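Chemist: Okay, here's the structure, questions in a sec.
Values quoted throughout were computed directly from the atomic coordinates according to the rules given, and no laboratory measurement underlies them. As the structure is a prediction and not an experimental result, all values here were calculated from the model. Virtual Cβ from ideal backbone geometry, glycine too; neighbours counted across all protein chains shown.
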Amino acid sequence: MSKLHVTLLGACLCLAPFSAIAQGAAKLTDPQIAHVAYTAGQIDIQAAELALKHSKNQEVRAFANGMVRDHKAVNEKALALVKKLNVTPEDNDTSRSLMKQAGAKKKELMALKGAAFDKAYAQNEVAYHQQVNGALQNTLIPAASNGELKDLLSTGLKIFQGHQQHAEHLVQSLPARTGALAH
C-alpha cells in the first residue's frame, strides 16, 4: 500500500467516530452536543499546534495559525454560551472516541517530517473538516434544541466550511512546492 493510501486510510479511521454521531444523534442532548463540538475544536487546535512545532512550510504554518485562532474563538463563544445558559457540557462516548482517535492521528503525524508531514497534516485537515462540517450540518445542528446553540453551531459551520476550502487549496499547493523545495 502506498504512503498516500496509508495516510488517507489513517485520516478516515481518525474520523470514524463522526459516523457514530449520525447514528446516535437523537440520543445526544444539548450539553452533549456542546461537548462534542468543543472537543472537535480542541482536536483541531492541537493538530494545528503540532503543525506549528513541526512544519517549516510558511503556507502550512499560516493555515495552522488560522486554525488555532478561529477554533479558539469559536470555543470561547461556546464556553460563554454554556455559562450564560447555566449548562454544563457533558462528556460522552462520541467525545471520548474523538479524543482517542485524535491521539492515534497525532502519533502518526509525529512520525513524519518535512514535506511528508506537511502533506499528511493538510490532507487530514481536509478530511477532518469534511467530517466535522457534515456532522454539524446533518446531525448536531438539527439535533440541538436550544436556538442559541443552533446559531453558534451554524456560525461555526460557516467558518469551518472556509477552513475546508483553505485546506483543499493547501493540499493542492503542496506537491509543487514540497517536491521542489527541501525543508
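Chemist: Amide H of Lys56 versus every other amide H placed in the peptide plane: which residues, excluding those fewer than 5 positions away on the same chain, fall under 5 Å?
Modeler: The answer is none.
Chemist: For segment 103-182, run through the trypsin sites (Lys or Arg not before Pro) and keep only the ones in DSSP coil with at most 12 other Cβ atoms within 10 Å of their Cβ.
Modeler: Numbers: sites: Lys105, Lys106, Lys107, Lys113, Lys119, Lys150, Lys158, Arg177; in loops: Lys113.
Loop-located and lightly packed - Lys113.
Chemist: I've got another one for you. Using the Karplus curve 6.51 cos²θ - 1.76 cosθ + 1.60 with θ = phi - 60°, what ³J(HN,Hα) values do you get for each residue of segment 53-61, in whole Hz, with x for Gly and Pro?
Modeler: Once rounded to whole Hz, the list reads 7, 9, 9, 10, 6, 5, 5, 5, 5.
Chemist: Could you list, bin by bin from short to long, the percent of Cα-Cα pairs of segment 95-142 in 10 Å steps?
Modeler: Distribution as computed: 23, 45, 25, 6, 0 percent.
Chemist: Show me, for segment 150-163, the HN-Hα J-couplings you get by feeding each phi into the Karplus relation (A = 6.51, B = -1.76, C = 1.60, θ = phi - 60°), rounded to Hz, glycine and proline as x.
Modeler: 4, 4, 5, 4, 5, 5, x, 4, 4, 5, 6, 5, x, 4
Chemist: Still on this structure: Report ³J(HN,Hα) in whole Hz for each residue of segment 36-41, in order, from the Karplus equation J = 6.51 cos²θ - 1.76 cosθ + 1.60 where θ = phi - 60°; Gly and Pro get x.
Modeler: With the stated coefficients, segment 36-41 comes to 4, 5, 5, 4, 4, x Hz.
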